[in-house]
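Trainee: Structure provided below as structure tokens; questions to follow.
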Amino acid sequence: MTGFAYALKTMSRDKSVTMWTVLFPLALASLFWLAFSGLDESYRPAPVKVVVADDAAYRAAPGLAATVAAAAAGEAPWLDPTYAETPAEAARLVADGGWHGYIAVGADGAVGYHRDWRQYADTDPGHAIVAAILDGYLQTTAFVAQAVADSANPANQANQADPANPANPANQAHQADPA
């Protein structure tokens, strides 16, 4: 302990050592604290105002209503949806202003996001947020549909039931590395 006390006294007599080992790190930490202290509150984006065409096609799309509801829920929602009865009414609301765009399901079941190009710039993050939510929905829906189709195919069931079959996914892991 006396060695530490002696070293501390020796360092405290040299002003440059005191400056660089004590004062400079404290000043730097204070500057970083001032610069980044309110970052969490200021970075959170406001929910994107969208109109949802809540018609029969929207209600028939598997999981779309749940996806929109989940994106609108919680402490920091991503979407602020307003519901319209038809895609035409949704388009009229968007054209009147105040909403980024509208979500509608076409007669063929295709989910679309139609935005108002006149009101919001391409750099507005709202469009990217809605696109990311809908892309996630479309990818999940396609994956589930493919998994259901694969599980219904008798050839896939036979391949997975046969442990000696090289097409069996359980065997592919062992065959990948011959060493």
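Values in this text are rule-based calculations from the coordinates and carry no lab data. Treat the numbers as computed from the prediction; the structure is a model and nothing was measured. Note that we place each Cβ from the backbone using ideal geometry, even for glycine, and neighbour counts take in every protein chain shown.
Trainee: Please list, in order along region 103-108, the HN-Hα scalar couplings obtained from phi with the Karplus expression 6.51 cos²θ - 1.76 cosθ + 1.60 (θ = phi - 60°), rounded to whole Hz, x for Gly and Pro.
Mentor: Couplings: 9, 9, 10, x, 4, 7 Hz.
Trainee: Neighbour counts of other C-beta atoms within 10 Å: give me Y113, Y58, Y102, Y6 arranged from fewest to most.
Mentor: Y6, Y113, Y58, Y102
Trainee: Restricted to Cα positions, what overall size does region 42-131 have along the principal axes? Three whole-Å values, descending.
Mentor: Extents along the principal axes: 39, 30, 17 Å.
Trainee: Show the residues, 5+ positions off or on another chain, whose built amide H is closer than 5 Å to the amide H of T82.
Mentor: V50, V51, V52
Trainee: Taking the simple approach of a point 7 Å from Cα along Cα-to-Cβ for both T18 and D80, what is their distance in nm?
Mentor: Going from the T18 label point to the D80 one covers 5.5 nm.
Trainee: In region 1-102, if the dipole is taken from +1 on Lys/Arg beta carbons and -1 on Asp/Glu beta carbons about the Cα centre, which of T86, A53, A73 is farthest to the positive end?
Mentor: Of the candidates, A73 comes out farthest on the positive side.
Trainee: Translational diffusion coefficient of region 1-102 at 20 °C, 1.002 mPa s, Stokes-Einstein with Kirkwood Rh over Cα pairs, in µm²/s as a whole number.
Mentor: My calculation gives 114 µm²/s for D.
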